[in-house]
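The values are calculated or read from the model by the stated rules, or taken from the named source; none is laboratory data. From a predicted model like this one, the values you see are computed outputs, not experimental measurements. In this analysis, Cβ positions are derived from the backbone assuming ideal geometry, glycine residues included, and neighbour counts consider all displayed protein chains. Ligands, DNA and RNA are stripped out before the accessible areas are found, and what is left, the full protein with its side chains, is counted by its heavy atoms. Shrake-Rupley method; radii C 1.70, N 1.55, O 1.52, S 1.80 Å.
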Amino acid sequence: MIVDRLERPLGSLRVSVTDRCNLRCRYCMPEQEYVWLPKQSILTFEEIARLVGIFAGLGVAKVRLTGGEPLLRHDLPTLVRMLARTGGVRDLALTTNGLLLAKQMQALRHAGLARVTVSLDTLRPERMRELARSDRHVDVLAGITAARAAGLPVKLNTVVIRGVNDDELIELIEFARAAQAEVRFIEYMDVGGATGWSAEQVFSQRDMLARLSAHYGSIAAVPSQDVAAPAERFRLSDGTTFGIIASTTAPFCRSCDRSRLTADGTWFLCLYAARGIDLREPLRDGASDSDIQELITRTWRGRTDRGAEQRLGVVERSPLYPVEGLRADPHREMHTRGG
Ligand code: SAM
Ligand code: SF4
Ligand code: SF4
């Protein structure tokens, strides 16, 4: 196991398989036009599997496929099968907006996918139209049903924005309970395509707990075995659990073991990092596994990133990048970095 300068192990890897998406969530992809990663730069499944194998050899046990929308990548179950067979990978998960999940669920499960997280910001189709420019709410719900029917543990991710969907917390908990899933409320972050972000729109962990305890009564914190888990979990008096990812007001950088690989093989040590490390070039230039292992090890050992914690110190906080900054380098986008 290798650790960084703050003694944090390299434990999990989020792999973005495409920067394309079939939704346009207002906190992630609000623009009309985007600069996409060049096609020839996108890693093949063999290249992704080779890199994941190298990371796994260095202690990465948890791998999460993301995007963009990962299910837009042609034949994703084939990649899942390759990664599920990779020695050292103990937990292979997928984060998806759910639109294409029902169609692909069986193939993904047979390929060895262990867990699914579906993004679900609202239970109201008309609100989804406004939030994500899509009228396919019914497909998201079908995706959640299919994942549960396939027997996979399902989490639901909800980005909570004040004045937009903060009135749905209770309904979402009730929906999750009925769907046998666990909902996790995520604070609105100022990173990537969140160019409309403002501090006033952040509905904080504290706000969420106040709203929920006014309805449900006492809420207990659930102690976690996994120190690196981003969500804090809570339990209602009837046993229903939910999570809160307080990435904006109470970030968890101190225990962060995550890094991110973009679809073009750029490795980011932090969601907020200005630059990534190009792993595609050595990969395509004939570097050996041990050369790449050495590059990853050296880089991780020098890691000091605490992006979200540092943002806490910014007075008059505004979005990390204006839209011109995002156009200048699409790697700064959340849909490229993988969220
Ligand atoms: N398209 C897939 C999806 O939406 O689940 C996977 C990629 S998406 C970038 C991963 C996660 O990032 C989603 O759960 C999304 O809600 C979250 N996300 C994107 N922008 C965000 C923001 N500004 N604040 C908080 N979470 C954000
Ligand atoms: Fe929404 Fe995910 Fe697509 Fe971003 S990548 S626009 S969060 S569905
Ligand atoms: Fe980890 Fe960076 Fe997120 Fe902090 S901001 S939790 S260091 S990825």
Task: Free-standing Cys, the chain [no other Cys Cβ under 4.7 Å] - done: 21, 253, 256, 270
Task: Compactness of the chain as Cα Rg over 2.2 N^0.38 Å, two decimals - done: 0.95
Task: Mean Cβ neighbour count within 10 Å, used as a protection proxy, ranking 17-23, 80-86, 194-200 highest first - done: 17-23, 80-86, 194-200
- [ ] Whole number in Å², please: accessible area per residue of segment 16-67, 1.4 Å probe, ligands, DNA and RNA not counted.
- [x] 40
Open item on the list: If I histogram all Cα-Cα distances within segment 251-323 using bins 5 Å wide from 0, what percent of pairs lands in each bin?
Closed with: 3, 13, 22, 21, 17, 11, 7, 4, 2, 0
- [ ] Calculate one ³J(HN,Hα) per residue across segment 190-196 by plugging θ = phi - 60° into the Karplus curve 6.51 cos²θ - 1.76 cosθ + 1.60, and present them in order as whole Hz with x for glycine and proline.
- [x] 9, 10, x, x, 7, 6, x
Open item on the list: Relative to 2.2 N^0.38 Å, what does the C-alpha radius of gyration of segment 193-290 come to as a ratio? Two decimals please.
Closed with: 1.52
- [ ] Pick out, in residue order, every one of the GluC sites (Glu not before Pro) in segment 1-55 that is DSSP loop and has at most 10 other C-beta atoms within 10 Å; say none if there are none.
- [x] 7, 33
TODO: State whether segment 105-193 is rounded, prolate or oblate according to the following rule on the C-alpha gyration tensor (a ≥ b ≥ c being the square roots of its eigenvalues): a/c under 1.5 gives rounded; otherwise a/b larger than b/c gives prolate, and the remaining case gives oblate.
DONE: prolate
Open item on the list: So with the 1.4 Å probe, I'd like the accessible area per residue for segment 102-157, rounded to whole Å².
Closed with: 45
Task: Filtered chymotrypsin sites (Phe, Trp or Tyr not before Pro), segment 253-320: DSSP coil and at most 12 other beta carbons within 10 Å - done: none
Task: Length released on extending from residue 103 to residue 289, taking residue separation times 0.36 nm less the Cα-Cα span - done: 63.4 nm
TODO: Grab the eigenvalues of the alpha-carbon gyration tensor for segment 11-79, scale each by 5, take roots, and send me the semi-axes largest first in whole angstrom.
DONE: 25, 14, 11
TODO: Determine the gain in length on full extension of the stretch residue 328-residue 213; use 0.36 nm per residue of separation and subtract their C-alpha separation, reporting nm with one decimal.
DONE: 37.0 nm
TODO: Determine the share of the chain's accessible area contributed by carbon and sulfur atoms, expressed in whole percent, with a 1.4 angstrom probe.
DONE: 50
Open item on the list: How large is the accessible surface of residue 233 in square angstrom, using a 1.4 angstrom probe and rounding to the nearest 10?
Closed with: 90
